[in-house]
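Q: Sharing a structure here in structure tokens format.
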Amino acid sequence: MDVFDCIESRRSVRSYDKKDVPKELIAQILVAGTYAPSAGNTQEWEFIVVKDRKIKEKLFESALRQEQIREAPVIIVVGANLKKIGLKYRERGKNVYSLQDTAACVQNMLLAANALGLGTCWIGAFDENKVSSAVQLPDEIRPMAMITVGFPLTYKKLPSPDRIPFERVSWQEKYGKELEWFMDYSKLTRFHWQPLDQQIEELSRRLKELKKEREELKEKESGFGNKLKDIFKKNKE
Ligand SMILES: Cc1cc2nc3c(=O)[nH]c(=O)nc-3n(C[C@H](O)[C@H](O)[C@H](O)COP(=O)(O)O)c2cc1C
């Protein structure tokens, strides 16, 4: 799966098969998380992999009783070690980088899981104290996110992606100045767009090729036609 397909096909999955997730796959997801960028390469993330039904029940209670937490065979609690990042970057580290680093880490994990055929959902709506106590986090670790992981129920259709087109939220040089580029709206996927001038170039090249092919075909046909005429002529004689 190429990176664009992976980004595009990832969806939040909230219904899971009961089938367990093999350890190797969980390991691959965790490794993907550790490849995320982090401020000064601090890598202050920490992961708690939860499969225990009782602990899952506590996490479910701590997160507005969202059913997918109960249903998913695995929950990964992603924490940020605030002591570690704070030592390096003080308040900005604790308040900003910790959030950004773990968010990048979570997204890596979601994409890796998608590439492995697993479904995930990023869970952010929870009571931090309750989550901390459920998985016994020490004071310096702040729970930043939970990820539900499992094989998706394929018969449950996911809602189609609803995305604000990038040109409505992207500006050129200064806020509010529209991008000058033209986009191709006819393409099914917005990742494979080309600027209009390149599309015109490509189309005119293709047109030239087609014309050449047609002329070659005509030549061939007329050669064949002449040969047939000769044969008929000879037969008549
Ligand atoms: C910071 C954050 C918190 C989220 N919290 C929850 C949550 O508590 N429960 C949930 O079902 N989805 C949660 N989501 C998932 C979003 O609802 C979902 O990503 C969004 O609707 C877009 O859908 P998609 O992931 O299928 O593209 C969260 C996503 C983010 C990034």
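Q: With θ taken as phi - 60° and the coefficients 6.51, -1.76 and 1.60, list the Karplus ³J(HN,Hα) couplings across the stretch 201-208 in order, rounded to whole Hz; mark glycine and proline as x.
A: Those phi angles translate into 4, 5, 5, 5, 5, 5, 4, 4 Hz.
Q: Rounded to the nearest 500, what is the chain's calculated 222 nm mean residue ellipticity when only DSSP H runs of at least 4 contribute -39500 (n - 2.57) each, over all residues?
A: -15000 deg cm²/dmol
Q: Rank these residues by their accessible area, most exposed first, probe 1.4 Å: Met109, Met144.
A: Met144, Met109
Q: Given contacts defined as C-alpha pairs under 8 Å and at least six residues apart, what's the relative contact order of the chain, whole-number percent?
A: About 23 percent, as a whole number.
Q: Would you please give the residues with an amide H less than 5 Å from that of Ala145, counting only those at least 5 places away or on a separate chain, with H modeled from the backbone geometry?
A: For Ala145, whose amide H was placed from the backbone, the distant partners under 5 Å are Val78.
Q: Moving on to the next point. Using 7 Å Cα-to-Cβ label points, what is the Ser160/Leu210 separation (nm, one decimal)?
A: Those two pseudo-labels are separated by 2.8 nm.
Q: Using the Karplus equation 6.51 cos²θ - 1.76 cosθ + 1.60 (θ = phi - 60°), what ³J(HN,Hα) coupling, rounded to whole Hz, does each residue of the stretch 222-229 give in order, writing x for Gly and Pro?
A: With the stated coefficients, the stretch 222-229 comes to 5, x, 5, x, 4, 4, 4, 4 Hz.
Q: Which whole-number percentage describes the relative contact order of the stretch 78-170, with Cα contacts under 8 Å and a sequence gap of 6 or more?
A: Reported relative contact order: 34 percent.
Q: Through the Karplus equation 6.51 cos²θ - 1.76 cosθ + 1.60, θ set to phi - 60°, convert the phi angles of the stretch 95-101 into ³J(HN,Hα) values in whole Hz; use x for Gly and Pro.
A: Values, residue by residue: 8, 10, 4, 4, 6, 5, 4 Hz.
Q: Can I ask one more? May I ask you to rank Phe60, Phe151, Phe166, Phe4 by accessible area, largest first, using a 1.4 Å probe over the protein chains only?
A: Phe4, Phe166, Phe151, Phe60
Q: Still on this structure, I have one more. Under 17 Å between alpha carbons, and skipping anything fewer than 8 positions from Lys94 in its own chain: which lysines qualify?
A: In chain and number order, the partners are Lys83, Lys84.
Q: Turning to a different aspect of this structure: Using only the Cα atoms of the chain, build the gyration tensor, take square roots of its eigenvalues as a ≥ b ≥ c, and label the shape rounded, prolate or oblate: rounded if a/c is under 1.5, else prolate if a/b is larger than b/c, else oblate.
A: It comes out prolate by the Cα gyration axes.
Q: Further question on the same structure: Determine, from the Cβ-Cβ distance of Glu201 and Thr34 and an R0 of 41 Å, the FRET efficiency 1/(1 + (r/R0)^6), rounded to the nearest 0.05.
A: Efficiency, rounded to the nearest 0.05: 0.45.
The values are calculated or read from the model by the stated rules, or taken from the named source; none is laboratory data. Because the structure is a prediction, the values reported are computed rather than measured. Counting neighbours? That spans all protein chains shown, and the Cβs are built from the backbone with ideal geometry, glycine included. Note: accessible area is taken over every heavy atom of the protein model, side chains too, but ligands, DNA and RNA are not part of it. Shrake-Rupley method; radii C 1.70, N 1.55, O 1.52, S 1.80 Å.
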